[in-house]
Amino acid sequence: MTTESITMAGNKQTEEISREVMRIQAGVLAMVCAVLGGLLLFTMTVWLLLKDGPGAGPHLSLLGNYFIGYSVSWFGSILGLVYGALTGGIVGWVVGSIYNLVVGFRK
Amino acid sequence: MSSGALVIGAGPAGLTSAYELAKLGISSTIIEADEQVGGLSRTVSYKGYRFDIGGHRFFSKVPLINELWREMLSEDFLLRPRLSRIHYRGHFFDYPLKAANALAGLGPIEAFLVMLSYSKAKMFPSAEETNLEQWVSNRFGQRLYEIFFKTYTEKVWGIPCNEISADWAAQRIKNLSLKEAIRNALLGAGKSAEGEVITTLIEQFHYPRLGPGMMWDCCKDLLAEKGNETVHGIKVDKIRHRKGRVESVVGHRSNGERVEFDADHFISSMPLRRLIQSLDPLPPDEVLAAANSLRYRDYLTVVLMAKREDVFPDNWIYIHSPEVKMGRIQNYKNWSPEMVPDQSRSSLGLEYFLWQQDEEWTWSNDRLIDLGIKECAQIGLVEPDEIEDGTVVRMKKAYPVYDHNYNDRVDIIRNYLETLPNLQTIGRNGLHRYNNQDHSMLTGVYAARNVVGEKNDVWAVNTEQDYHEEVRSSETEKSSTGYTKTMGDRAVPMPIVQDEADQIIQTAFARLDGVALGVALGVVIGVGLFLATMILLLKGGEFVGPRLGLLRNFLPGYEVTWGGSLIGLAEGSLLGFGLGFFIASLRNWGMMAYAYLLRRRAETEAAKNVLD
Ligand SMILES: Cc1cc2nc3c(=O)[nH]c(=O)nc-3n(C[C@H](O)[C@H](O)[C@H](O)COP(=O)(O)OP(=O)(O)OC[C@H]3O[C@@H](n4cnc5c(N)ncnc54)[C@H](O)[C@@H]3O)c2cc1C
């Protein structure tokens with residue numbers, strides 16, 4: 001089955017209930033991804049600290065290459081919260097916006 | 001005699017079409033063979049007792065019809081509780097069927113066998129579902145089918161269930177669109193979008209104070225007030241046509257007097273077979289042969305008057321027990337107390353489904369009354385000495401038969417009738433469709449509107465999902481042409497109006513576009529990987545990105561180099577696209593699976609009412 005034919009089969013069935021194609025509210029997705037991203041990085045950092053103490057998480061610390069100042073430390077966990085939220089927010093917004101753009105274009 | 005429109009038959013379909021024509025300012029004459037109006041929905045009177053042909057519940061999901069009923073009868077329209085059970089080999093079972101009650105009544109061994117056969121049907125359903133036996137067995141198992149469906153259905157139709165088209169059953173539940181099933185499930189059992197409770201249609205129904213005939217007598221009077229005459233006692237036996245137009249109909253009174261009526265428009269609710277046979281000149285042989293092979297089941301009711309205040313609490317009981325001939329028994333007093341002249345008495349309607357060729361059809365009334373008394377005693381309902389009087393009503397062509405090829409034959413006839421545009425056929429026997437009053441009436445309304453130029457497809461009533469069932473009255477006000485919209489060259493009732501609940505469902509079940517999500521995730525992952533590689537490269541160092549480079553295990557050819565960043569961009573995009581597409585498909589299929597599950601549940605519930 002080609003991508004197109006799979007999509008067609010799915011479309012036919014969903015159309016019985018709804019003819020609409022979902023639009024994503026980019027702002028809302030950005031917010032959700034920001035919360036998830038921030039919490040994820042914060043929790044991972046804190047978890048490693050609690051489990052292995054200072055010097056833990058050499059691999060996670062490599063994120064410092066992208067997030068200036070980030071390390072697996074208590075201060076790093078706060079920074080991670082901010083960076084995670086920022087990155088999540090941007091990713092969510094970009095995904096939502098591109099999705100809507102493509103949907104609009106395909107219509 | 002001449003008039004604007006001529007309507008054949010003063011049953012619900014014919015009278016409703018005349019009523020609608022009157023509203024549209026077109027006068028009509030209604031020709032009725034019988035001395036009474038109402039057709040199959042008449043009420044017969046006998047020594048102060050009133051009874052229906054069967055029992056006529058008034059329930060409809062078509063708001064327009066509910067409005068018409070209220071408009072005609074207003075406060076004489078009672079809301080009655082429904083109770084009906086199945087009598088099978090000495091036991092009473094709840095109807096609609098309830099699993100626990102049915103299994104308890106059958107006893108442990110039979111219940112075990114029923115469960116086995118149910119499981120078998122679920123695991124190995126019959127791949128073919130063309131006849132009623134396969135249709136019901138697939139849903140309930142062979143054993144339950146034999147106990148609760150086979151005997152009764154065969155009594156009604158007089159032919160084996162495997163010769164009855166599955167359409168008959170499917171027609172009863174087909175109106176459950178996926179959307180409706182979801183709406184019912186999400187908004188609470190049986191609530192329509194407006195919050196109207198639909199399930200209660202099963203638990204209670206409307207009924208005119210003096211029986212269904214009261215509605216049609218009233219309709220006749222309303223028509224007469226507007227100058228539209230109903231002429232009784234004339235049986236139409238010729239429909240003269242020339243050059244693609246019907247010019248007149250010829251009928252005979254019982255004394256043989258011939259009467260001819262001409263009109264501009266003709267609307268017929270006489271049985272389709274008879275309509276074709278009456279055409280003058282006759283249609284081509286193929287059409288005539290198709291009409292001649294349409295079959296109808298006939299019906300008679302033996303009404304017994306019992307010297308007892310309460311015989312049983314049900315409105316009616318289905319008699320599945322094979323040892324008696326009767327198929328159903330009505331207790332008219334439980335439909336409306338005014339159906340009996342004296343509250344210390346009850347009247348019971350024993351229903352026999354027959355062919356006119358059957359011996360019983362020709363039996364004298366006394367012999368039939370004796371049979372009824374004997375069978376009532378046999379199943380333990382009333383003792384013979386409690387019966388003080390009885391009468392019999394015979395009704396020909398009560399049920400249009402859905403045998404295997406009826407649909408093809410009806411199609412042939414329908415195509416031919418399209419060559420006579422000023423003749424429309426409507427109603428139950430007129431369309432050879434197992435319609436209740438509401439759908440019969442709706443065809444009458446459509447036909448009347450077609451007279452003023454609309455293009456409604458009367459054949460689509462009670463066949464197409466979503467449309468007429470969900471027509472909202474508010475739509476009626478939206479256009480002068482009523483609540484129809486055009487589809488091709490025909491108008492069909494408007495599909496579901498977007499109300500609040502529908503809007504919520506539309507949004508919640510909106511399709512996630514797989515390509516769009518694929519592109520979005522493709523861009524984010526591809527560009528993300530490209531940027532991640534570039535940042536490391538720009539930072540430099542002795543070993544650049546040894547960990548990120550491990551991604552080559554998944555992305556062939558990827559490495560943390562300038563060239564690798566481009567490979568990462570391409571492969572990351574592809575991976576992202578696939579992931580996005582997969583997520584969207586999974587979510588869409590998940591939502592569909594959920595919707596199908598809800599519909600399956602609702603269908604099983606609806607299938608339990610298939611005997612009605
Ligand atoms: C046993 C039984 C139970 C039912 N229960 C219900 C129920 O609970 N609820 C419900 O809504 N519906 C019920 N129905 C269905 C309902 O009776 C029909 O849908 C409805 O009466 C059909 O209306 P009609 O006008 O199409 O046809 P009919 O009622 O058949 O009326 C047709 C009329 O045309 C006349 N006619 C026929 N041929 C000619 C001719 N050649 N010349 C002149 N006049 C002619 C007939 O005399 C008759 O009066 C039941 C039907 C039966 C048989």
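The values are calculated or read from the model by the stated rules, or taken from the named source; none is laboratory data. Keep in mind it's a predicted model, so treat the numbers as computed, not measured. Please note: Cβ atoms are built from the backbone with ideal geometry, for glycine as well, and neighbour counts cover all protein chains shown. Accessible surface areas use protein heavy atoms only, side chains included; no ligands, DNA or RNA. Shrake-Rupley method; radii C 1.70, N 1.55, O 1.52, S 1.80 Å.
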- Roughly what % of DSSP beta bridges within the protein assembly as shown run antiparallel, to the nearest 5? 70 percent
- Task: Give me the distance in nm between label points sitting 7 Å out from Cα along the Cα-to-Cβ direction at B:Lys47 and B:Asp264, one decimal.
- Result: 5.2 nm
- Query: What is the dipole size for chain B, taken about its Cα centre, with +1 at each Lys and Arg Cβ and -1 at each Asp and Glu Cβ, in debye to the nearest 20?
  - Reply: 1140 debye
- Note on the structure: Its Cα gyration tensor gives the protein assembly as shown an equivalent ellipsoid whose semi-axes in whole Å, largest first, are 66, 32, 23
- Message: Under 8 Å for C-alpha pairs, at least 6 residues apart: give me the relative contact order for chain B, rounded to a whole percent.
- Response: 19 percent
- Message: Probe radius 1.4 Å, ligands and nucleic acids left out: can you give me the accessible area buried at the A-B interface, summed over both chains, in Å² to the nearest hundred?
- Response: 2900 Å²
- Message: Please enumerate, by chain and number, the aspartates and glutamates with C-alpha under 13 Å from the C-alpha of A:Lys107, excluding those fewer than 8 residues away in the same chain.
- Response: A:Glu20, B:Asp513
- Query: Which is farthest toward the positive dipole end of the protein assembly as shown among A:Val102, B:Met214, B:Trp363, measuring Cα position about the Cα centre, with Cβ charges +1 (Lys, Arg) and -1 (Asp, Glu)?
  - Reply: A:Val102
- Query: In deg cm²/dmol, rounded to 500, what helix-only [θ] at 222 nm does the protein assembly as shown give when every DSSP H run of at least 4 residues adds -39500 (n - 2.57) and the total is split over its residues?
  - Reply: -14000 deg cm²/dmol
- Task: Give me the number: length gained by fully extending B:Ala224 to B:Phe582, i.e. 0.36 nm times residue separation minus the C-alpha to C-alpha distance, one decimal in nm.
- Result: 122.2 nm
- Where chymotrypsin sites (Phe, Trp or Tyr not before Pro) in DSSP loops with at most 11 other Cβ within 10 Å are excluded, longest remaining stretch of chain B: B:1-542
- Message: Skipping prolines and chain starts, which residues have an amide H placed within reach, meaning under 5 Å, of the one on A:Met22, given they are 5 or more residues away or on another chain?
- Response: B:Arg511, B:Leu512, B:Asp513
- Loop-resident sites, the stretch B:1-47, for trypsin sites (Lys or Arg not before Pro), counting at most 14 other Cβ within 10 Å (DSSP): B:Lys47
- Whole-percent carbon and sulfur share, accessible surface of the protein assembly as shown, 1.4 Å: 59 percent
- Task: With only alpha-carbon atoms counted, please give the Rg and Dmax of the stretch B:296-400, in Å.
- Result: 13.3, 38
- Checking the stretch B:237-312 for GluC sites (Glu not before Pro) in a loop per DSSP with at most 14 other beta-carbon atoms within 10 Å yields B:Glu257, B:Glu309
- Query: Which entries in B:Lys47/B:Lys396; A:Lys51/B:Lys539; B:Lys23/B:Lys235; B:Lys150/B:Lys455; B:Lys235/B:Lys325; B:Lys61/B:Lys238 show an alpha-carbon gap greater than 29 Å?
  - Reply: A:Lys51/B:Lys539; B:Lys150/B:Lys455; B:Lys235/B:Lys325; B:Lys61/B:Lys238
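How big is D for the stretch A:28-105, in µm² s⁻¹ as a whole number, if Stokes-Einstein is applied with the Kirkwood radius of its Cα pairs at 10 °C and 1.306 mPa s?
Approximately 122 µm²/s, per Stokes-Einstein.
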- trypsin sites (Lys or Arg not before Pro) restricted to the stretch B:543-608 and DSSP loop, no more than 14 other C-beta within 10 Å: B:Arg547
- Where the stretch B:1-114 is the region considered: accessible area per residue in Å², 1.4 Å probe: 40 Å²
- Message: Can you give the Rg/Rh ratio of the stretch B:514-611, where Rg is from the C-alpha atoms and Rh is the Kirkwood radius?
- Response: 1.40
- Residue ranges of DSSP H helices in chain B that stretch 30 Å or more (Cα, own long axis) and have mean Kyte-Doolittle hydropathy of at least 1.0 are B:514-539
- Message: If you build the convex hull over the alpha carbons only and average its shadow over all orientations, what do you get for chain B? Give it in nm² to one decimal.
- Response: 36.6 nm²
- Query: How do B:Asp457, B:Asp94, B:Asp217 rank by accessible surface area computed with a 1.4 Å probe, from largest to smallest?
  - Reply: B:Asp217, B:Asp94, B:Asp457
